[in-house]
Amino acid sequence: MKIAIAGYGVVGRGAHELLLKNHAAIAARLGEELTVKYVLDPKDLTGTPGEGLKAAGIGEVLADPEIGLLVEAIGGVGAAYDYVRAALESGRSVVTPNKQLIAEKGAELLALAKEKDAALLFEPAVAGGTPVLWPIAHCLAANELDLAAGILNGTTNYILTKMVAEGADFAATLADAQRLGYAEADPTADIEGIDACRKACILADLLFGRHTDPEKVFAQGITKITAGDVAAADQAGFVVKLIGQARKMPDGKVLCLVTPALIGKGHPLAAVNDVFNAVMVHGNGVGEVMFYGRGAGDLPTGSAVLGDVIEAVRTGCRYDPMMSWTDCGSDHLADRRDYAIDALCRVKEPFAGLAARFPGAACIWERDGETAALVHGVPEGELEDYLAGRAVSPYIRVFAR
Ligand code: HSE
């Protein structure tokens, strides 16, 4: 099998390096050689493993009958979308770590892959090197799944960990994450929760079989979290993590969102630090399952890319109906404001005022004209409206389960 890699950045190059490093073992497992024949990237490849493999364009790659599969690691939905469509149209299989592409265009591309009976696999799109999607679709296929939630962005988890553990500066830690190859080309997508939102949407897509439009999903990042929030959370027995979730609500609607959340210190997600990701899944047979591992970086994400390539080749580069969903509108999506939450609130009023409005509230502190408290079982819309104009910083929900 000869493959082409489009996009030779952290992930594309990482996958190539890992293939060269483990070439013999992979060939032995697969029963055939796996070789990169072309690299598609405008940059100079001199001194990289891609040296001498540069293709003139996607046309050259797809005109070559030896090429059976394209790894798309360009990112975004511009050229990446065009190349993936062209590859599938030509009957080639595709593996991609591109979260944005799969979250936005997955249903359409999967329909094309089905029509052409070609593989379209995207394990590295969620949680980097950590296997999540294939085990959900295959190993847990006997379950009704009602939850997939967790830490879906390595950059923000790295920043939060360093800030809490070492009191590190936000900007310096973000620069570190960029240097280590964790962050997106535009790190706004990381810190504003957009990247995690795309991953939460892909989880929702896979769990519930329906396209979840990222534009319709509430996503909040970590930029508004303050040292005061972290201190109040700590005093109440929690850590703060950026959590993405896809959850079937009791009324059958799907709640998909990304927000900072309070995690009880004894909860397994509380111990997930640095660039690590973790996804907790709940099924009605298996109960809770958790996947944990590196969520970003060259070789870890390259490992997931190659895992998919090997899986595609092993299964004859056929469409996998277990790894798919369709677009049938957004009427399955829940409005977060309609559901009760527990949350940490910091307000510019005495605790008595908050407790009068939300009975059962528990005071964490009252000091310097500010109250920090936990409220329980409050419809989110009511809480949001009450806190408008009163809050010292945005409320932070308690992660349920
Ligand atoms: N920027 C992403 C992250 C890369 O930090 O998780 C992996 O998807």
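A few remarks follow.
- Looking at the range 216-295 alone, DSSP beta bridges between its own residues are antiparallel in about 90 percent of cases.
- Under 21 Å from K253, Cα to Cα: lysines that are on another chain or at least 8 residues apart: K199, K216
- The mean sequence distance of close C-alpha pairs (under 8 Å, at least 6 residues apart), as a share of the length of the chain, puts its relative contact order at 19 percent.
- Rounded percent of accessible protein surface that carbon and sulfur make up, the range 228-280, 1.4 Å probe: 55
- Computed magnitude of the charge dipole of the range 320-401 (debye, nearest 20; Cβ of K, R +1, Cβ of D, E -1): 400
- In this structure, C363 and H138 have a Cβ-Cβ separation that, at R0 = 51 Å, corresponds to a calculated FRET efficiency of about 0.60.
- Counting only DSSP beta bridges whose two residues both lie in the chain, roughly 65 percent are antiparallel.
- By the rule of a C-alpha distance below 25 Å, with chain neighbours fewer than 8 residues away ignored, the lysines paired with K43 are K2, K21, K54, K99.
- The charge dipole of the range 30-138, taken about the Cα centre with unit charges on the Cβ atoms of Lys, Arg (+1) and Asp, Glu (-1), comes to about 280 debye, rounded to the nearest 20.
- Dipole moment magnitude, nearest 20 debye, the chain about Cα centre, only Lys, Arg, Asp, Glu C-beta charged: 500
- Over the range 1-158: Kirkwood hydrodynamic radius from C-alpha pairwise inverse distances, Å: 16.7
- The Cβ shell under 15 Å around L374 holds other residues with a net charge of -2, Lys and Arg each +1, Asp and Glu each -1.
- Beta bridge orientation in the range 1-160: antiparallel %, DSSP, nearest 5: 0
- Ranked by the mean number of other Cβ atoms within 10 Å per residue, highest first, peptides 307-317, 384-394, 198-208 order as 198-208, 307-317, 384-394.
- Placing unit charges on the Cβ atoms of the charged side chains and taking the dipole of the chain about its Cα centre, the candidate lying farthest along the positive direction among I74, L374, A172 is L374.
- Candidate cross-link partners of K114 among the lysines, defined by an alpha-carbon separation under 18 Å and a same-chain spacing of 8 or more, comprise K105.
The values are calculated or read from the model by the stated rules, or taken from the named source; none is laboratory data. Bear in mind the structure is a predicted one, so any value in this text is a computation, not a measurement. Reconstructed Cβ throughout: ideal geometry from the backbone, glycine too, with neighbour counts over all protein chains shown. Areas reflect the complete protein model, heavy atoms only, side chains present, ligands, DNA and RNA absent. Shrake-Rupley method; radii C 1.70, N 1.55, O 1.52, S 1.80 Å.
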